[in-house]
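The values are calculated or read from the model by the stated rules, or taken from the named source; none is laboratory data. Given the structure is predicted, the values throughout are model-derived calculations rather than measurements. Positions of Cβ are backbone-derived with ideal geometry, glycine not excepted, and every protein chain shown enters the neighbour counts. We work out accessible area using only protein heavy atoms, side chains counted, and drop any ligands, DNA or RNA first. Shrake-Rupley method; radii C 1.70, N 1.55, O 1.52, S 1.80 Å.
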Amino acid sequence: MRSPTTRPSALTKRLSVTLALAACALAGSASAATTLTVFMGSQQRPEVFQPLFERFQKQNPNIKIKIETGGATSEAQNQYLTTVLAAKDSTLDIFLIDVVRTATFAAAGWAEPLDAYLPSKDTYLKAFLPGPIGAATVSGKLYAMPAFTDAQFLYYRKDLLEKYKAKVPKTWDELAATAARIQKAEGGNLQGFNFQGAPIEGTVCNFLEMTWTGGGSVDDVTSAAAKQGLGFLVNAVKTKLSPAASAEMKTDDSRQQFQAGNVLFGLNWSYAWAHFQGNSPQPTKVKGDVGVAALPAFGKNASATCTGGWEWGVNAFGKNKAASVKLLQFMASSDVQKEMAIKGAYLPVRKSLYNDKAVLAANPHFKSLYPIVTKARPRPVTPSYPRVSEIIRNNVSAAVAGSKTVDAALSDMKRDLTPLLK
């Protein structure tokens, strides 16, 4: 006679097998999910990108995204990425890089060429601004996907200019005269002109813009135009138009000081606008009182500004390249670019969005910025750019600090740049 325990024992065995198979299936499903690790700097406001990544994950349930942040400046982020990628580390799948880094990353073999993942590349890219695409292209190959574009602009206090019946300056001399007059009338600690003088990338741009708007170029940094431009920055500190600590001023320092109501005229990038209007971790005292314009020039020379912005690169050593490119195309899509413009005041890389009603409602200044952005000039395009940048920013900062004369700084700059820019 069969034992009464025989049947339950068989059922138990079958149940165990079923559970084991289910567990295997779940494990297989979990392992099938791809996790993309995305690196960006803390200054890129990951909180703006997180909701967009979450939307992508909902549309692609088998792809998960993990954000890794680090570095408050372009230089700090580049130093970290250089360390990781030089070791051929596959940990990071995607990284956000400054537009000036593309040639270096391409030459080093760190950034995956994207052409093979975009069968109709030329047609696809026609919708984008040429500047960001040009910055992402090296020797005809696309090595990055533009994330957002940028340029430096002159921010000014509309309320103070109206109060003193002053016009937005068209020349640097007008800016200096207007700032000195309003500083004297206002008293207190109002800065007449805020710029970046720390040894950072923004300082490179400030120097180039000063040189360009004087009719010069980086090909001759000891020209009269370069001397005039650097001399203006140095003199602004000496005359107290700019703060004594300008040689330590970084981009976000400039933004925060303007936002606190302490600056009349300031050089900064487009990201500052949203902060000034209240979309910021810090309180703003200038909401509704800020204007933005093209940079002034010396004499009758044309205004000029630096091409800026950031790009998405795919790790050449990564293991999830197809999924990575899929995310990049999502981030470059019209809908996502539109949301970034509305919620983060990022300048879109797609041409059509500069006429979009919702974008212009959130950023009325975008329409007037469009011609400035399209005419922005690139910094030197070379795989040696990190060294080029270091030479320029260190010498400019030293001159602003007063530890080098203008002539000595420019002479040292020319000596070290010449073999790199041949």
- Item | Per residue value of the accessible surface for the chain (all protein chains in place, 1.4 Å probe), Å² | 45 Å²
- Go ahead and estimate [θ] at 222 nm for the chain from helices alone: -39,500 (n - 2.57) per DSSP H run with n ≥ 4, summed, over the residue count, rounded to 500. -14500 deg cm²/dmol
- Could you work out the relative contact order of region 235-304, using alpha carbon pairs under 8 angstrom and six or more residues apart, expressed as a whole percent? 20 percent
- Query: What nm value, rounded to one decimal, do you get for the distance between Ala244 and Asp115 when each label is placed 7 Å out toward the C-beta?
  - Reply: 5.7 nm
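Taking region 46-126, which trypsin sites (Lys or Arg not before Pro) meet the DSSP loop condition and have no more than 14 other C-beta atoms within 10 Å?
Qualifying residues, ordered by number: Lys88, Lys126.
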- Item | region 47-52 - phi-based ³J(HN,Hα) in whole Hz, Karplus 6.51/-1.76/1.60, Gly and Pro as x | 5, 6, 7, 4, x, 5
- Query: Dipole of the chain (Lys/Arg Cβ +1, Asp/Glu Cβ -1, origin at the Cα centre): which of Ala108, Ile97, Ser352 lies farthest to the positive side?
  - Reply: Ser352
- Residues whose modelled amide H sits under 5 Å from the amide H of Ile63, counting only those 5 or more places away in sequence or on another chain, are Thr34
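Say R0 is 30 Å: what FRET efficiency, to the nearest 0.05, do Asn235 and Glu162 get from their beta-carbon distance?
0.65
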- Message: Please list 3J(HN,Hα) in residue order for region 395-407, calculated via the Karplus relation 6.51 cos²θ - 1.76 cosθ + 1.60 where θ = phi - 60°; whole Hz, with x for glycine and proline.
- Response: 6, 5, 4, 5, 5, 5, 6, x, 7, 9, 6, 4, 4
- Dipole in debye (nearest 20) - the chain, about Cα centre, beta carbon charges: Lys, Arg +1; Asp, Glu -1: 1060 debye
- Message: Among Ala260, Pro130, Ala180, whose Cα projects farthest towards the positive end of the dipole of the chain, with charges put on the beta-carbon of Lys, Arg (+1) and Asp, Glu (-1)?
- Response: Pro130
- Using θ = phi - 60° and Karplus 6.51 cos²θ - 1.76 cosθ + 1.60, couplings along region 238-251 (whole Hz; Gly, Pro as x): 4, 8, 6, 5, 10, x, 4, 8, 4, 5, 10, 6, 9, 4
- Note on the structure: Checked against a 28 Å limit on the C-alpha separation, the offending pairs among Lys58/Lys319; Lys158/Lys238; Lys141/Lys375 are none
- Item | Electrostatic dipole magnitude of region 306-422 [Cβ: Lys, Arg +1; Asp, Glu -1; Cα centre; debye, to 20] | 260 debye
- Item | Asp335 versus Lys422: modelled label distance in nm, points set 7 Å from Cα along the beta carbon direction | 5.3 nm
- Message: Rounded, prolate or oblate, given the Cα gyration tensor of region 294-377, with a/c below 1.5 counting as rounded?
- Response: oblate
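Can you tell me the dipole magnitude for region 22-155 around its Cα centre, using point charges on the Cβ only (Lys, Arg +1; Asp, Glu -1), in Debye to the nearest 20?
Value, rounded to 20: 260 debye.
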- Working out 0.36 nm times the residue gap between Lys357 and Asp122, then minus their Cα-Cα distance, what length gain in nm do you get to one decimal? 81.9 nm
- Message: For Kirkwood radius over Cα pairs in Å, one of (1) 22.0; (2) 23.3; (3) 22.6 was computed from the structure I shared and the rest are decoys. Which label?
- Response: (2)
- Long-range HN-HN contacts of Phe148 with modeled amide H, under 5 Å: Trp310
- Message: As a test of reading the structure, rank Ser120, Ser389 by solvent-accessible area (1.4 Å probe, protein chains only), most first.
- Response: Ser120, Ser389
- In the chain, with Lys and Arg counted as +1 and Asp and Glu as -1 at Cβ, which of these residues, Tyr155, Thr211, Phe366, has the Cα nearest the positive end of the dipole, that is, farthest along it? Phe366
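By how many nm would the segment from Thr91 to Thr171 grow when fully extended, if each residue of separation counts as 0.36 nm and the alpha-carbon distance is taken off?
Once the chain is fully extended between Thr91 and Thr171, it gains 23.9 nm.
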- Note on the structure: Residues whose built amide H sits under 5 Å from the amide H of Asn268, excluding neighbours closer than 5 in sequence, are Phe153, Tyr155
